[in-house]
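Values in this text are rule-based calculations from the coordinates and carry no lab data. Predicted, not measured: the structure shown is a model, and the values here were computed from it. A quick note on method: Cβ atoms are made from the backbone with ideal geometry, for glycine too, and the neighbour counts reach across all protein chains shown.
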Amino acid sequence: MNNRHGPFESLYTHGFARVAVCTPQVRIASPASNAERTLQLAEDAANEHAVLAVFPELGLSGYSIEDLVQQDTVLDAVEDAVGRILVASRSLPTLLVIGAPVRSEQRLFNCALVIYGGELLGVVPKTYLPNYREFYEKRQYASAGQALNDTIRIAGHVAPFGNQLLFAARNVPDFVLHVEICEDLWVPISPSSYAALGGATVLANLSASDITVGKAAYRRLLCTSHSAKCIAGHLYAAAGYGESTTDLAWDGHALICENGECLAESQRFRSAGGFITADLDLERVRQERGRTTSFSDCVGLHRERLIQLRRIEFDLALPTVPVSLKRNIPRFPYVSCDEANLDERCGEVYQIQVQGLVRRMEATGIKKLVIGVSGGLDSTHALIVAAKAVDALHLPRSNVLGYTLPGLGTSAGTRDSAHRLMQALEVGAGEIDIGASVLQTLVDIGHPYGRGEKVYDVTFENVQAGVRASYLFRLANLHGGLVVGTSDLSELALGYTTYGVGDQMAHYAVNASVPKTLIRYLVRWARTRVDLGAAATAVLGDILNTVSSPELVPREAGAGPQTAEAIVGPYELQDFNLYYLSRFGFRPSKVAFLAARAWSIRDRGAWPEGMPFDQRREFDLLAVEHWLRVFITRFFETSQFKRSALPNGPKVGSGGSLSPRGDWRAPSDATAEVWLDELSANVPLA
């Protein structure tokens, strides 16, 4: 189902939902004033176009009220406050989740009240009552498991009652809310775990949680890991300023997480109320669950419990005006913007590639590697991996047989870089000029270039790639070695490889799941983190500063180098498209929305360290749509047959690979029509 609700520029059109976590300043045993402060923050959240606002545990009475909560005067005031909020909520387009003590069945329950549009949609009692250390909740409250009724009356409203309630928006199928309270999250199996299996995509936890040293970090870990395990959005609201400090202190910690990532976190120890917002990607949650088959296995194993969940449906009043996405969308999804994290990941990628190649050499008993070295980034990275692989096997570097294979478009600069690199790494270094072989092939097949005409077409380019590969495979035969492939994930996605005996083929493809945008950082990392020697450090610097080019077409006088991007598009943009289309299956219009958001904002702080200035490009929606159309056609329609015959190679990242034996299994004869039509219908270019 295409769940579109508004203009292209709005986050709600593309499966996002803005949510808020509020921490009002409370007054103990003053429900009326607490209700006013709650409503003020609710209005603030609504003004930010949030469709959900979650408040702390027992926020209407104060959590630290102790035995005063058993006073009828206080409980009457709480019920009056609930009535006040219900009336005020009629004019609010935001779903409210508020904590309050509630009388039912001659007992008292610690509850979350779910309120929307003047209606009490449901009341959720706390399941697990802590009664250890500073907590004595069983003194005042009964557990949800002890409730006898499945409905409750509060402030003249009758509503569903229980910890098995799911609040589902009819007009936003991916928005399904489950609510639990504080300790419910801290136990081995939370009520929200079952709710997530039952379809809840947004999990809210109303907490009080006093603060002690180190507890904030533990909360953060707990919330992020719970959102990852449940593949869900998770909202956490802790009590803040105004709670009694008789024996405890409170920090007002608020967190919004999604699938293992913390999207927003409050400033703690505020003396006034406040709130945080974040934009949850509910479509991404749904897509992740659909791809994680073990999630479905859990659903089946717990089916008897899940069918007891009660679904309460309502209609969300979504904003009709464009609501700009505030969520950070990295331009480089395969490259971390955090320098320390990037450093760690680059090291891990190298280890994966080196180990894969080492294991292949051990399994085959082959002790030599053959690799074509062009002086470009892809072959440079693969050559370093090859050198480290023979090091790991305690073999001489001379067992890596590197060859430059200059053709009709090879420049003196890259040829020189290739030789300097092989010399610096102390690998075997050879050169075979393929010009004569290429020309003879062109003559033999009757190509115009063989008759002296300057025709630089696909055949002209592929003959060179094919001749190079043919030499490498025959050299491998001659020396008893393995051909190490250098082609990367981006080229495979776009089909910018020569099929068969070309750069598409190798005995082992170490770069097969490494995208073009990551290769640069891997080479930069190796230059500073791997002990390769001063000479290698110098040549790697030159290679990093060289414009990427396939160098298959002779450069005319005064002309710049040939660039693949003129044909297939900017690699940074196409890697972005690859990530969101293959990893999450998003609609092209959503990918365009995300790309336009990521690539049109001039924010130098969001660029990974070391990105050359000439690559700090920006793309408007027109350019995004154009190159996305190119990607869709090449990826879905014209290139799959090449990927169906990929050689072995290690998967390095969660962004996936395109191996037909791994992450991507697709027919070679599909059409891209449905993706192109969706893009045309939903991306406004006028």
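If we count every other residue with Cβ under 14 angstrom of Leu41's Cβ, Lys/Arg +1 and Asp/Glu -1, where does the sum land? Could you put the intermediate results ahead of the total?
Numbers: positive: Arg37, Arg270; negative: Glu36, Glu43, Asp44, Glu48.
Charge balance near Leu41 sits at -2.
Below 8 Å, C-alpha to C-alpha, sequence gap of six or more: please give me the relative contact order for segment 66-175 in percent. Spell out each step's value before the answer.
Values: 179 pairs, mean separation 24.0, N = 110.
RCO, segment 66-175: 22 percent.
Fewest Cβ neighbours within 10 Å first, please rank Cys337, Cys346 accordingly. Mind showing how you got there, number by number?
Values: Cys337 15, Cys346 22.
So the residues, fewest neighbours to most, are Cys337, Cys346.
Which pairs, out of Lys388/Lys651; Lys516/Lys651; Lys368/Lys388; Lys229/Lys326; Lys367/Lys642, put more than 20 Å between their alpha-carbon atoms? Kindly include the intermediate steps, with their values, before the conclusion.
Numbers: Lys388/Lys651 18 Å; Lys516/Lys651 15 Å; Lys368/Lys388 13 Å; Lys229/Lys326 25 Å; Lys367/Lys642 29 Å.
Beyond 20 Å between Cα atoms: Lys229/Lys326; Lys367/Lys642.
Around Arg27, which amide H atoms from residues at least 5 apart in sequence, or from another chain, sit under 5 Å from its own amide H, with H modelled in the peptide plane?
Asn34
Defining a contact as two alpha carbons under 8 Å apart and six or more residues distant in sequence, what relative contact order in percent does segment 351-485 show?
Working: 189 pairs, mean separation 38.3, N = 135.
Across segment 351-485, relative contact order equals 28 percent.
Can you pull a Stokes-Einstein diffusion coefficient for the chain at 10 °C (1.306 mPa s), Rh from Kirkwood over Cα pairs, as a whole number of µm²/s? Provide the component values of the computation, followed by the final result.
Values: Rh = 28.2 Å.
For the chosen part, D equals 56 µm²/s.
With θ taken as phi - 60° and the coefficients 6.51, -1.76 and 1.60, list the Karplus ³J(HN,Hα) couplings across segment 485-495 in order, rounded to whole Hz; mark glycine and proline as x.
For segment 485-495, the Karplus curve yields x, 10, 5, 9, 4, 5, 5, 5, 5, 8, x Hz.
Take the alpha carbon gyration tensor of segment 391-524, find the square roots of its eigenvalues, order them as a ≥ b ≥ c, and report rounded if a/c is under 1.5; if not, report prolate when a/b exceeds b/c, else oblate.
prolate
If you take every residue apart from Leu676 with its C-beta less than 10 Å away from the C-beta of Leu676, what net charge results, scoring Lys and Arg +1 and Asp and Glu -1?
Details: positive: Arg629; negative: Glu637, Glu673, Asp677, Glu678.
So the surrounding residues net to -3.
Quick one: which residues, 5 or more positions from Ala264 or on another chain, have an amide H under 5 Å from its amide H? H modelled 1.01 Å from N in the peptide plane, none for Pro or chain starts.
Ile256
Taking the alpha-carbon centroid of each part, what is the distance from segment 641-686 to segment 286-351 in angstrom?
Computed from Cα coordinates, the inter-centre distance equals 20 Å.
For the chain, what proportion of DSSP beta bridges, expressed in % and rounded to the nearest 5, is antiparallel? Display every interim value, and only then the final one.
Details: 38 of 74 bridges.
Within the chain, antiparallel bridges account for around 50 percent of the total.
To make sure I understand, if each residue's beta carbon is the centre and we count other beta carbons within 10 Å, what order do Ser549, Ser324, Ser227, Ser61 fall in, fewest to most? Walk me through the numbers on the way to the answer.
Details: Ser549 20, Ser324 10, Ser227 28, Ser61 25.
Exposure proxy ranking, most exposed first: Ser324, Ser549, Ser61, Ser227.
What number comes out for the charge environment of Arg153, summing +1 per Lys or Arg and -1 per Asp or Glu over other residues with Cβ under 15 Å away?
Numbers: positive: Arg103, Arg107; negative: Asp76, Glu79, Asp80, Glu105, Glu119, Asp150.
So the surrounding residues net to -4.
Which of His157, His49 has the fewest other C-beta atoms within 10 Å, and how do the rest follow up to the most? Could the numbers behind the result be given before it?
On the way: His157 17, His49 23.
Going from sparsest to densest Cβ surroundings: His157, His49.
What shape does segment 481-547 take by its C-alpha gyration tensor, where a ≥ b ≥ c are the square roots of the eigenvalues and a/c under 1.5 counts as rounded, a/b above b/c as prolate, and the rest as oblate?
Cα axes put segment 481-547 in the prolate bin.
If you average the C-alpha positions of segment 410-489 and of segment 84-113 separately, how far apart do those two centres end up, in angstrom?
Answer, in whole Å: 73.
Calculate how many DSSP beta bridges within segment 18-137 are antiparallel, expressed in % of all such bridges and rounded to the nearest 5.
70 percent
What fraction, in whole percent, of alpha-carbon pairs in segment 339-682 exceed 37 Å separation? Working shown, then result.
On the way: 9445 of 58996 pairs.
Result: 16 percent of Cα pairs exceed 37 Å.
Which loop-located trypsin sites (Lys or Arg not before Pro) does segment 76-130 contain, where loop means any DSSP state but H, G, I, E or B and the Cβ has at most 10 other Cβ atoms within 10 Å? Present the calculation step by step, with values, prior to reporting the outcome.
Numbers: sites: Arg84, Arg90, Arg103, Arg107, Lys126; in loops: Lys126.
When the trypsin sites (Lys or Arg not before Pro) of segment 76-130 are filtered for loop state and at most 10 Cβ neighbours within 10 Å, nothing remains.
Go through segment 534-581 and name the GluC sites (Glu not before Pro) that are in a DSSP coil and have 11 or fewer other Cβ atoms within 10 Å of their Cβ. Could the numbers behind the result be given before it?
Values: sites: Glu551, Glu556, Glu565, Glu572; in loops: Glu551, Glu556.
Within segment 534-581, the qualifying GluC sites (Glu not before Pro) (loop, at most 11 other Cβ atoms within 10 Å) are Glu556.
Among rounded, prolate and oblate, which fits segment 11-314 when a ≥ b ≥ c are the square roots of the eigenvalues of its C-alpha gyration tensor, a/c under 1.5 means rounded, and a/b larger than b/c means prolate?
Taking the square roots of the gyration eigenvalues as a ≥ b ≥ c, segment 11-314 is rounded.
Which chymotrypsin sites (Phe, Trp or Tyr not before Pro) in segment 435-495 sit in a loop by DSSP (not H, G, I, E or B) and have at most 11 other Cβ atoms within 10 Å of their own Cβ? Before the final figure, lay out each step's value.
Numbers: sites: Tyr449, Tyr456, Phe460, Tyr471, Phe473; in loops: Tyr456.
Hits after loop and neighbour filter: nothing returned.
Counting each DSSP H run of 4 or more residues in the chain as -39500 (n - 2.57), what helix-only mean residue ellipticity at 222 nm follows after dividing by all residues, to the nearest 500 deg cm²/dmol? It would help to have the intermediate numbers written out before the result.
On the way: 22 runs with 257 residues, N = 686.
So the calculated ellipticity at 222 nm is -11500 deg cm²/dmol.
Report, ordered by chain and residue number, the lysines lying within cross-link reach of Lys138, taken as a straight Cα distance under 29 Å and ignoring same-chain residues fewer than 8 apart.
Answer for Lys138, where 29 Å is the Cα cut-off: Lys126, Lys215, listed by chain and number.
Distance in nm between label sites at Arg291 and Arg661, each 7 Å beyond Cα in the beta-carbon direction?
Result for the modelled spin labels: 2.1 nm.
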